[in-house]
Amino acid sequence: MKKIPFLRPNLVKHGTFLNYLSQIDQSRIYSNYGPLNTLFENRILNEHFGNIGDVTTVNNATTGLMLAISQCKRPNGIYALMPSFTFSATPLAAIWCGLEPYFIDIDPDDWCINEQLINEVLYKLGDKVAVVVPYATFGIHLNIDYYQRLVASGVPVVIDAASSFGNTGKSGHFGKGFLGSVVFSFHATKSFGLGEGGLIYSANKNLIASIRQAGNFGFSMKRETTVQGLNSKMSEYTAAIALSTLDAFPKKAKLRQQIRQWYVNKFNLLNLHNEGWTLQNTDDNIIYQFLPVLCPEGSRNLDYVNLLAHQQIEARTYFSPACHEQSLFQSYSHTALSVTDNIATRILSLPVWEEMDEEDVTHVLRGLIKR
Ligand SMILES: *Cc1c(COP(=O)(O)O)cnc(C)c1O
């Protein structure tokens, strides 16, 4: 039987960035926002964000979330409103900033934090809310207009867009023009994978300047620590891989979009909707890291993980258990979480990797049909 692994990260081969490595040998600059890092940031800002706002690289998205939250949180705030249906890095980052996660239920349609509930909790808690941290679930285009209005009303917003880099919609790259901050991950398992790395974007240049200062030991221009900082700098070696990945990315994105399209087509052909299966409800051209589906109401994702495992197909259940079910986070406040509980029981992450072909996709989906 053919083995289908869940992910097979396929980063750019070393031959493609030898030229950049030679430049490091020449410059003898290895970190501290060196020339390759600067070139990468400038290209991202120009090629993906139309030179609106600013970006800064970080060594991973978890540090990026910590920095972004720390630099915008309201001084009297206690709570960071966020979904429970996210990766544990989101609540962890808030806790490192001295805040308490406050979990809010998600919307059954798009699996993102429920905006109506955010409004209700904001009304109830006022400026005890330090920051709102929505997650752009699996790369979906969150309703940026809603969050833009929150920022304009004085409520800071940090979007966990860990799996969103490269996703472009009608108005350009996801997050473009947003006045809060948007945090992307470049972990090897993400679609734009470098090993470890990340990026923070904001249309607010001053916000990025303060995030960058905090990420460089809180140093002022005079190398005096004036704010609580840490070290989030990306090395020039990673920047070399990043530049090479930028060149390779259009092709990688096409492969992933093709795989998603095969999943959608086969899903329809096999009538999985009629069997109670659900794809994420989105028209966005998402460059999926893996393919999220909901198994039928009343069934459990883990049963399907086992069913697939018997057929040598590897599947996962991101993000289940949801954060509020994990021991560190159990004591934090939350709204009713019935949608989160339902979706966390049913979410199934199906394999995506760039060399997958149409037959592999068919094999995976057929594997879901119990015989
Ligand atoms: C991957 C991921 C992160 C963490 O990113 P790192 O770069 O590995 O720190 C945070 N949040 C979500 C939703 C993620 O998927």
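The values are calculated or read from the model by the stated rules, or taken from the named source; none is laboratory data. What you see is a predicted model; the values in this text were computed from it and never measured. FYI the Cβ positions are ideal-geometry reconstructions off the backbone, even for glycines, and counts take in every protein chain you see. Heavy atoms of the whole protein, side chains included, go into the accessibility calculation; ligands, DNA and RNA do not. Shrake-Rupley method; radii C 1.70, N 1.55, O 1.52, S 1.80 Å.
Within segment 28-45, identify whether any single residue is under 19 Å from the mean Cα position of the chain (by Cα) and within 12 Å of the ligand (Cβ to nearest atom), and answer yes or no. No: zero hits. Of all the numbered requirements in (1) part of a loop (DSSP other than H, G, I, E, B); (2) open to solvent by 60 Å² or more (accessible area, probe 1.4 Å), TYR33 misses one, and that requirement is (2). Answer yes or no as to whether LEU142 is under 13 Å from VAL158 (Cβ atoms), under 17 Å from the mean Cα position of the chain (by Cα) and at pLDDT below 95. Judged against the criteria, LEU142 is a match. When each of TYR147, TYR79 is tested for being out of contact with any Asp or Glu (no Cβ under 7 Å at 6 or more places or on another chain) and either under 27 Å from ASN216 (Cβ atoms) or modelled with pLDDT of 95 or more (or both), the lone residue that passes is TYR147.
Only one of the numbered conditions (1) open to solvent by less than 60 Å² (accessible area, probe 1.4 Å); (2) touching a Gly at 6+ places or on another chain (Cβ under 7 Å); (3) not aliphatic (A, V, I, L, M) is violated by GLU297, and that is (1).
The residue pairs whose first member lies in segment 101-119 and is free of Cβ contacts under 8 Å to residues at least 60 places away in the same chain, whose second member is of a type in the set (S, T, N, Q) and open to solvent by less than 10 Å² (accessible area, probe 1.4 Å), and whose beta carbons are closer than 8 Å, counting only pairs six or more residues apart or on different chains, are CYS112/THR137. Given (1) in contact (Cβ under 8 Å) with a residue 24 or more places away in the chain; (2) in contact with a Phe, Trp or Tyr (Cβ under 9 Å, 6 or more places away or on another chain), where does ASP357 come up short, assuming only one miss? Just one mismatch for ASP357, condition (1). Do we have ALA162 as of a type in the set (Gly, Ala, Ser) and closer than 19 Å to ALA94 by Cα here? Spelling it out, ALA162 is indeed of a type in the set (Gly, Ala, Ser) and closer than 19 Å to ALA94 by Cα.
Scanning segment 159-210 for residues that are under 29 Å from THR226 (Cβ atoms), of a type in the set (Gly, Ala, Ser) and in a loop (DSSP other than H, G, I, E, B), we see that the one that is farthest from the ligand (Cβ to nearest atom) is ALA203.
Is it fair to say GLU314 is closer than 16 Å to HIS363 by Cα, open to solvent by 40 Å² or more (accessible area, probe 1.4 Å) and either charged (D, E, K, R) or in contact with a Cys (Cβ under 8 Å, 6 or more places away or on another chain) (or both)?
yes
Answer yes or no: is there a residue in segment 323-343 that is within 18 Å of ALA309 (Cβ to Cβ) and open to solvent by less than 10 Å² (accessible area, probe 1.4 Å).
The initial filter retains those residues of segment 323-343 that are within 18 Å of ALA309 (Cβ to Cβ), namely none.
The answer is no; no qualifying residue exists.
Any residue at all in segment 355-364 that is within 16 Å of the ligand (Cβ to nearest atom) and open to solvent by less than 10 Å² (accessible area, probe 1.4 Å)? Working first, answer last.
As a first pass, look at segment 355-364 and keep what is within 16 Å of the ligand (Cβ to nearest atom): none.
No.
Here SER244, SER210 are screened, and the one residue that is open to solvent by 30 Å² or more (accessible area, probe 1.4 Å), at pLDDT 95 or above and of a type in the set (Gly, Ala, Ser) is SER210.
Going through GLN257, GLN228 one at a time, which residue ends up being in the same structural domain as VAL352 (by TED's automatic domain parsing) and surrounded by fewer than 17 Cβ atoms within 10 Å (Cβ to Cβ)?
GLN257
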